[in-house]
Amino acid sequence: MLTAALVTALVGHILCGLSDLLLSYTKAGRLDLKKINDPEKMAAMFKDMPLSYPLVSMIMGTFAIMLFGFGYFALAHWMRSFSSLAANIMFVASIVFLIPIVTHHVFCGAVEWMYVRLGCTDEARSAVLELQKKTICTMFAGYGGLLVFLITLFVMVVSGRTDIPAWGCVFNTLVILLVISPAKLPAAGNIAGALMYMGLLFMLG
């Protein structure tokens, strides 16, 4: 059961990474978010964005998060054999991560869809940026939950309190993200998440 959940989580992070790419690229290439403060540059940046990209991203991302959610809950259950406290923290952190992050992902797709659908006007830009700012709390809540989950997992493994060798702490999204962050890869969080579950499959599968 644990192996199946880890495989599902790996697939989920890959799919979520693909959905992130749909929000990060137009036919002209990768979006440069530094240009959003300039109405003309932002309009030029999004003019080649097909409406299908953010729409597919919202739908794919929702189901992808559902898939990798099985992995987080499975790890919380697995941790119960070693520490009820750590398991409970990871379980609650999973909920705090997964529910708000679905909302955040949908909002990210929605603001891009609305901006392009409304013709990339300055009025549309003001509206979508306002929506993004007023819903950003979902991102902070979601990633806050993920951070607590990952720190708890790291501490338990590196301290030798699980049946994973202490060096197995490297199979952690937070550690992997710190390593790959200089490369400024798109969908880096999901790449790191997929690598974590790939490594845990090697250790626990």
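The values are calculated or read from the model by the stated rules, or taken from the named source; none is laboratory data. Keep in mind that what you see is a predicted model, and the values were worked out from it rather than measured. Here the Cβ positions follow ideal geometry from the backbone for every residue, glycine too, while neighbour counts run over all protein chains shown.
List every residue pair whose Cβ atoms sit under 7 Å apart, with the two residues 6 or more apart in sequence or on different chains, where the first one lies in the stretch 160-184 and is over 18 Å from MET90 (Cβ atoms) and the second, anywhere, is among the β-branched types (Val, Ile, Thr) and assigned to a helix (DSSP H, G or I).
Qualifying pairs under 7 Å: ALA166/VAL157; ALA166/VAL158; ILE180/ILE191.
Those residues that are part of a helix (DSSP H, G or I), surrounded by fewer than 17 Cβ atoms within 10 Å (Cβ to Cβ) and among the aliphatic types (A, V, I, L, M), I need them from the stretch 12-35; list them, please.
LEU18, LEU21, LEU33
For the condition under 26 Å from THR162 (Cα atoms) and not aromatic (Phe, Trp, Tyr), what is the one hit in ILE89, ILE101, ILE136?
None of the others qualify; the one that does is ILE89.
Note down all Cβ pairs under 6 Å where the first residue falls in the stretch 82-101 and is farther than 20 Å from ALA64 by Cβ, the second is crowded, with 19+ Cβ neighbours inside 10 Å and not aliphatic (A, V, I, L, M), and they're at least six residues apart or on different chains.
Note: pairs meeting the criteria are PHE82/THR162; ALA86/THR152; ILE89/THR152; MET90/PHE149; MET90/THR152.
Taking only pairs six or more apart or across chains, which ones have beta-carbon atoms under 7 Å, a first residue in the stretch 52-81 that is farther than 22 Å from VAL155 by Cβ, and a second residue that is surrounded by fewer than 21 Cβ atoms within 10 Å (Cβ to Cβ) and not aliphatic (A, V, I, L, M)?
The qualifying pairs are PRO54/TRP113; LEU55/TRP113; LEU67/THR8; PHE70/THR8.
Please work out which one of (1) within 17 Å of the chain's Cα centre (by Cα); (2) surrounded by 15 or more Cβ atoms within 10 Å (Cβ to Cβ) is the condition PHE140 fails and give its number.
(2)
Quick check on my filter: what residues within the stretch 77-101 are hydrophobic (A, V, I, L, M, F, W, C), buried (at least 19 other Cβ atoms within 10 Å of the Cβ) and touching a Ser or Thr at 6+ places or on another chain (Cβ under 6 Å)?
Hits for the stretch 77-101 are ILE89, MET90.
Scanning for something over 20 Å from VAL148 (Cβ atoms), β-branched (Val, Ile, Thr) and either modelled with pLDDT under 95 or surrounded by fewer than 18 Cβ atoms within 10 Å (Cβ to Cβ) (or both), does the stretch 51-58 turn up at least one residue?
yes
Please report, ordered by residue number, the helices (runs of 4 or more DSSP H) entirely within the stretch 36-134 with at least 1 residues that are closer than 23 Å to GLY12 by Cα, within 18 Å of the chain's Cα centre (by Cα) and small (Gly, Ala, Ser).
Where helices (runs of 4 or more DSSP H) fall fully within the stretch 36-134 and carry at least 1 residues being closer than 23 Å to GLY12 by Cα, within 18 Å of the chain's Cα centre (by Cα) and small (Gly, Ala, Ser), they are 52-79, 84-117.
Filter the stretch 31-50 for residues that are closer than 17 Å to PRO186 by Cβ and in contact (Cβ under 8 Å) with a residue 60 or more places away in the chain and give the result.
The answer is ILE36, PHE46, MET49.
Is there any pair with a first residue in the stretch 107-125 that is of a type outside the set (D, E, K, R) and surrounded by 20 or more Cβ atoms within 10 Å (Cβ to Cβ) and a second that is modelled with pLDDT of 95 or more and not in a helix (DSSP H, G or I) whose Cβ atoms are under 6 Å apart and which are 6 or more apart or on different chains, and what are they?
VAL116/LEU51; ALA124/LEU118
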